Every structure is written in structure tokens, then in C-alpha cells.
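The values are calculated or read from the model by the stated rules, or taken from the named source; none is laboratory data. For clarity, every value in this text was computed on a predicted model and none was experimentally measured. Glycine gets a Cβ as well: all are built from the backbone with ideal geometry, and neighbour counts include every protein chain shown.
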Amino acid sequence: MLRRTKYSLNALAHDATIQLIQDVLERGVPITKVFVDTVGPPESYQRKLQELFPKISIVVAKKADSLYPIVSAASICAKVTRDAHLSHWVFAERWLQDTISKEYGSGYPGDPNTIKWLRSSIDPVFGYPGIIRFSWSTCTKLLDERAVKVGWADDEDAPKGNKSKFFTRSNGVDSRQRSKFFSRNRSIQLASSL
């Protein structure tokens, strides 16, 4: 209940690819062939894209950026665009704007600059700014090591079935008196009966 709904990077990449193809088609560009570097199994990803765009020849491959020059070029463009956006990033948490470094590194877990930024930018209570994906295992590990431990009530902790168990005493008898507000005739009617 208190957790965000998980949205995997694979699902994000699939949805972004679909949206990009759709946007280009809506602009009237006559696409005949699309090359995609896979996330997840290439066969099912290609099948998914082919079903959505049956008039386009779609090639999904592992390491497509090393197999097809057009994918290599697109990859470089994407990284340059990402780096440009990050260099002008304005944190949603405005108070961090002048207090936190923008030397993020590449964003990859093997990049020492990324790890350095994560280590130096962690807040022991709030974790990281909204730009960071907290579920990333690198961040999860650092949060476990350096942040305050927090226990969240969860749906798994809730009683199964009738939620009224939260509002009754352990012996099952609710001895509380209802407020007079609820027992007076307030002329309240169901909206469907009006």
C-alpha cells in the first residue's frame, strides 16, 4: 500500500520505444525499418513491436549498437542528449540546487564518479533527490549502509479479510460509543436516490 508500483527499466524501455515509433509515425515520417537494441529477450520484444507496428520491418538484437551503425549513432545521440539534460538539471527539491554536486558521472554502477556522487549526495533520512531511482541495487545497497533504517507498515501486515479488525479490541468487542453526529438524522441521502 505504501510502496510505489514497480516499473522496471525493461518496461520503461519498451514503452519509450513504442512511444518514439508512434510519435514519428504521427508526424508523417514513412518508417519502413526499425532497429532496436534489446532489453530482455529479443524474440518476445521483437514480436511485441511487430504486433504493434505490422507495416514496419522490425529488427531487435542483443548488442545491436555493435551490429548496426545506425543503432551506434542513435546510442551516441542518446548519451549526448542525456548528458546535456543533466548538465542543466534543476532538482525538484529546489533547496538542493546550490548544495549538491552535478558531477554525476555516467550513471553506470561501474563508473567511479557515479559511485562517488552517490556516496557524497546521500541524505541519511531522505536518501537521494528525486532524480535517483531508489530501487537501483547500487542505491539500495548504499541506503542500507548509510541511511537511517525505516520500517514501513505494509499490506502484508494488515489483517486478511475484514479491515474492521483494525477498529475493534483484541477480544472482538467494540465498546466505543459512536458520536452523536452519526446517530442524529442528518437528512443525508444516497446520491443515486436523488
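Pull up the stretch 112-130, narrow it to residues that are under 25 Å from K6 (Cα atoms) and loosely packed, with under 14 Cβ neighbours inside 10 Å, then point me to the one that is nearest to the chain's Cα centre (by Cα).
Our first condition is that a residue be under 25 Å from K6 (Cα atoms); within the stretch 112-130, this holds for 114-115, 117-119, 121-130.
Narrowing further to those that are loosely packed, with under 14 Cβ neighbours inside 10 Å: 119, 124-126, 130.
Working: R119: 21, P124: 22, V125: 21, F126: 17, G130: 11 Å.
Applying the filter and picking the extreme gives G130.
Considering only residues of the stretch 33-47 that are buried (at least 16 other Cβ atoms within 10 Å of the Cβ) and in contact with a strand residue (DSSP E or B) (Cβ under 8 Å, 6 or more places away or on another chain), which is modelled with the lowest pLDDT?
Looking at the filtered set, the residue picked out is T38.
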